[in-house]
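Here's the structure we're looking at; comments come further down.
Read-outs throughout are calculated quantities, based only on the coordinates presented, and are distinct from any laboratory measurement. On a predicted model such as this, the values are computed, not experimentally measured, just so you know. A quick note on method: Cβ atoms are made from the backbone with ideal geometry, for glycine too, and the neighbour counts reach across all protein chains shown.
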Amino acid sequence: MRLYLTLFIIIILLIVAFIFGSQNDQSLTLNYLIARTEMTVAAAVSLFTTLGFFLGLLFALLWKLVRRIKPKKMLSDK
């Protein structure tokens, strides 16, 4: 049940972010270290929301993996 509630909240937050982004059709310039990109606010919000979601998911999975491996390693050392 907790998983479904978490997924529901994440989906609602993503929908709100994409709705917010779609209401802003202004153009902006993103300056990187070696490049410059011109895109709309909607595209930037979508890009960074998706990027943040996947980075958060990656770190959560890595954290879970490390916590699962660490106790096994400690038990094998004894």
Task: Long-range amide H partners of THR40 with built H, under 5 Å - done: LEU28
Task: Mean separation of Cα contacts under 8 Å (6+ apart) over length of the chain, as relative contact order % - done: 22
Task: Computed [θ] at 222 nm, deg cm²/dmol, the chain (DSSP H ≥ 4; -39,500 (n - 2.57); rounded to nearest 500) - done: -27000 deg cm²/dmol
- [ ] Write down the Å³ per residue value for the convex hull defined by the alpha carbon atoms of the chain.
- [x] 90
Open item on the list: With +1 assigned to the C-beta of every Lys and Arg and -1 to the C-beta of every Asp and Glu, and no other charges, what is the dipole magnitude of the chain about the Cα centre in debye, to the nearest 20?
Closed with: 880
Open item on the list: With unit charges on the beta carbons (Lys and Arg positive, Asp and Glu negative) and the dipole taken about the Cα centre of the chain, which residue among ALA60, PHE18, PHE8 sits farthest to the positive side?
Closed with: ALA60
